[in-house]
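Novice: The structure is given below, and queries will be raised subsequently.
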Amino acid sequence: MTGLYGGAFDPPHNGHVALAAGAKREFAIPRLLVLVSENPGHKSTHSPADLRLELARAAFPDDDVRLDPYPRTIDLLRGERFDAPLFVLGADEFCAFGSWKEPDDVLALAELAVGTRPGFPRDRLDSVLDGLRRPERVHFFEIEPNPASSTAIRARVAGDPSVPPAVAALIRQFGLYTDS
């Protein structure tokens, strides 16, 4: 199995780290491939890809972290080969899965590991599952609640307790998110 965890990571925060750690525990993933989206197809970024890559390496020191040149997950899965890929994402992102480019084709090429928080509305998850051709390829696991958000962190800049200390140090060093 190859665990894949993609995102803009602008910046990576403790919620990202907790989701990755939970997936590794739940699915016995020895090392996760953390994919920093070079040019996300679904959102704009505030920091250049090389800096986001460095931040992600600081946040995920025990994992393989690299740039993802593909703007969409389906493009990655078609462009590269992984052994039994398991794509990790949070429940909020899963709720938007139907808007992804070719979500049913994503599920044909990879299974999903979706981290949910206690109390997350199951009906939101079920409504997404109901629209999929292969819902059996979606696996849920529970993680501890974490209020961290990249948007809020950018607004508060470095020193935010939601950011791993190594990431906060790099944010200060590079003067990132000062104009957010």
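No lab work stands behind these numbers, since they all come straight from the coordinates. Since this is a predicted model, take the numbers as computed values, not measurements. No Cβ is skipped: glycine too gets one built from the backbone with ideal geometry, and neighbour counts run over all protein chains shown.
Novice: Once you have a ≥ b ≥ c as the square roots of the Cα gyration tensor eigenvalues for the chain, tell me rounded if a/c is under 1.5, and otherwise prolate or oblate according to whether a/b is larger than b/c.
Specialist: Since a/c reaches 1.5 and a/b is larger than b/c, the shape of the chain is classed as prolate.
Novice: Under a Cβ-Cβ cut-off of 14 Å, what is the net charge of the residues other than GLY79 that fall near it, where Lys and Arg count +1 and Asp and Glu count -1?
Specialist: Taking every Cβ under 14 Å from that of GLY79, the sum is -1.
Novice: If each DSSP helix of 4+ residues adds -39,500 (n - 2.57) and the sum is divided by the residues in the chain, what number results at 222 nm, nearest 500 deg cm²/dmol?
Specialist: -11000 deg cm²/dmol
Novice: Please give the FRET efficiency for ARG78 paired with ASP104, using the beta carbon to beta carbon distance and R0 = 22 Å, rounded to the nearest 0.05.
Specialist: Between ARG78 and ASP104 the formula returns 0.95.
Novice: What number, in percent, do you get for the relative contact order of the chain if the mean sequence gap of Cα pairs under 8 Å and at least 6 apart is divided by its residue count?
Specialist: Result for the chain is 27 percent.
Novice: Any chance you could run the full-extension gain for PHE27 through ARG122? It's 0.36 nm times the residue separation minus the Cα-Cα distance, nm to one decimal.
Specialist: In short, 32.1 nm is gained.
Novice: Under a 5 Å amide H to amide H cut-off, with H placed in plane at 1.01 Å, what residues pair with GLY90 once short-range neighbours are removed?
Specialist: GLY115
Novice: Next question. Under 1.5 on a/c is rounded, so check that first for the stretch 1-59, then, if it is not, pick prolate when a/b is larger than b/c and oblate when it is not; a ≥ b ≥ c are the square roots of the alpha carbon gyration tensor eigenvalues.
Specialist: Values: a/c = 2.23, a/b = 1.89, b/c = 1.18.
Prolate shape, in that a/c is at least 1.5 and a/b is the bigger ratio.
Novice: Taking amide hydrogens as modeled 1.01 Å from N in the peptide plane, which residues meet the under 5 Å criterion relative to VAL138, leaving out close sequence neighbours?
Specialist: When sequence neighbours closer than 5 places are left aside, the close amide H contacts are LEU112.
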